[in-house]
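Taken together, the values in this text are just the output of simple stated rules run on the coordinates, not laboratory data. What you see is a predicted model; the values in this text were computed from it and never measured. Here the Cβ is made from the backbone with ideal geometry for all residues, glycine too, and neighbour counts use every protein chain on show.
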Amino acid sequence: MTLLLLPGDGIGPEVTAEARRVAERIAPDLAIETRLFGGAAYEAEGAPLADETLAVAKAAKAVLMGAVGGPQFAAAPRHLRPEAGLLALRAGMGVFANLRPALCFPALARASTLKPEVVEGLDLMIVRELTGGVYFGQPRGVETLPDGRRRGVDTQVYTTDEIERVARVAFELARGRRNKVTSAEKSNVMETGLLWRETVTALHARDYADVALEHILADNAAMQLVKAPRQFDVLLTDNLFGDLLSDEAAQLTGSLGMLPSAALGAPGTPGLYEPIHGSAPDIAGLGLANPLGAILSLAMAFRWSLGRPDLADRIETAVGRALDGGARTRDLGGDLTTAEMGAAVLDAL
Ligand code: NAD
Ligand code: IPM
Ligand code: MN
């Protein structure tokens, strides 16, 4: 088995089914295996990520995930929630660098809620730290104080090596693009933010002085993203800010359903590929989901893990052609179903 498919919950199975059709068309010899994951696995196997599923993921060349979560799992203990399974998968695979490219396809400049002249030609790469920060820091939990009040704690924590390894990915990517990294943190109020800025600055001076480096406070980055998003080339940031800023960047491309991602770890280890959207409980089961984020995630898997950048290019070109031809799901202002959008991409292939 080469590609492990984890459809997950909600619209996850709907969008990954279309990605699978594309994979089967373009690489008929690719060995694909499917496993339960997230809430679906919790219901059937008692845990969102079975030990065996993690072992299979680590033995694959690439993992393509749909989405996990949903209101029906809100009452499950925190460590058995679908989202906990996703965090465990990311940590277990060691995929610390999350590439989230926000590319505005020419045909979609008018689909965004922003003015076309703001988003036209947008080609931004968010590099989000994915296995550290407040998502994993200890201590965390909710306790009841002697006087009956409850107290919740999350801990934001980063070490220099965690910052350096993800910053390296950002600098390397920038060299193959427009050669600029913007590093976003809150060094004005957070200790980890200050360490982040100092560490990125030192690494830049040591190994990447040829790349332009800018620092920006994360709140300003959020504003600049909607004001003038094309000023950014590679936007480097931590786990939590990266989560927020990538949803914001997705809307610049027309829809949250458009954005793919690649999570990468040490060289030679499998990557984890997933559209950045969630399980979309509001439209799950209705055939309304946009599958392009999942299909473009498959393209990223071909580029970064499966050694077939040529197939990645073909998929991305086919998505562009399908959009040029007017194919639109509802989120993009059209009326195609998920399967019809997948078919439009297959036709373009
Ligand atoms: P969401 O991303 O699921 O949905 C936000 C909005 O965007 C909804 O209106 C939804 O209909 C729309 N949307 C999302 N993907 C779409 C697509 N492909 N096509 C068309 N419209 C799309 O975020 P949420 O509603 O805040 O979260 C729902 C659940 O998903 C939660 O349980 C959350 O934890 C989980 N989640 C999972 C992932 C993941 O698995 N990687 C990511 C984000 C959220
Ligand atoms: C994402 C999601 C996840 C995150 C959740 C579901 C754990 O929002 O992939 O962007 O916060 O990382
Ligand atoms: Mn998110």
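Remark: spin-label model distance Thr155-Arg25 equals 5.0 nm, labels positioned 7 Å along the Cα→Cβ axis.
Counting other C-beta atoms within 10 Å, which of Ile216, Ile32, Ile276 has the fewest, and how do the rest follow?
Neighbour counts put them in this order, fewest first: Ile32, Ile216, Ile276.
In a DSSP loop and with at most 11 other Cβ atoms within 10 Å, the trypsin sites (Lys or Arg not before Pro) in the range 55-164 are Arg149. Extending 7 Å from Cα along the Cβ direction at Glu45 and again at Arg78 yields two label points whose distance is 2.4 nm.
Taking each residue as 0.36 nm, the span from Asp123 to Arg140 lengthens on full extension beyond its C-alpha to C-alpha distance by 2.5 nm. How much of the DSSP bridge set in the chain is antiparallel, in percent, rounded to the nearest 5? In the chain, DSSP labels about 40 percent of beta bridges as antiparallel. Share of antiparallel DSSP beta bridges in the range 97-259, in percent to the nearest 5? Rounded to the nearest five, the antiparallel share is 45 percent.
Calculated from the alpha-carbon coordinates, the range 97-259 shows an Rg and a Dmax of 17.2, 60 Å respectively.
Rounded to the nearest 500, the 222 nm mean residue ellipticity of the chain from helices alone is -13000 deg cm²/dmol, with -39,500 (n - 2.57) taken per DSSP H run of at least 4 residues. Find, among the chymotrypsin sites (Phe, Trp or Tyr not before Pro) in the range 267-306, those assigned to loop by DSSP (not H, G, I, E, B) with at most 12 other beta-carbon atoms within 10 angstrom. When the chymotrypsin sites (Phe, Trp or Tyr not before Pro) of the range 267-306 are filtered for loop state and at most 12 Cβ neighbours within 10 Å, nothing remains. In straight-distance terms, cross-link reach from Lys115 covers every one of the lysines whose alpha-carbon lies under 17 Å from its own, apart from those fewer than eight places away in the same chain; here that gives Lys227.
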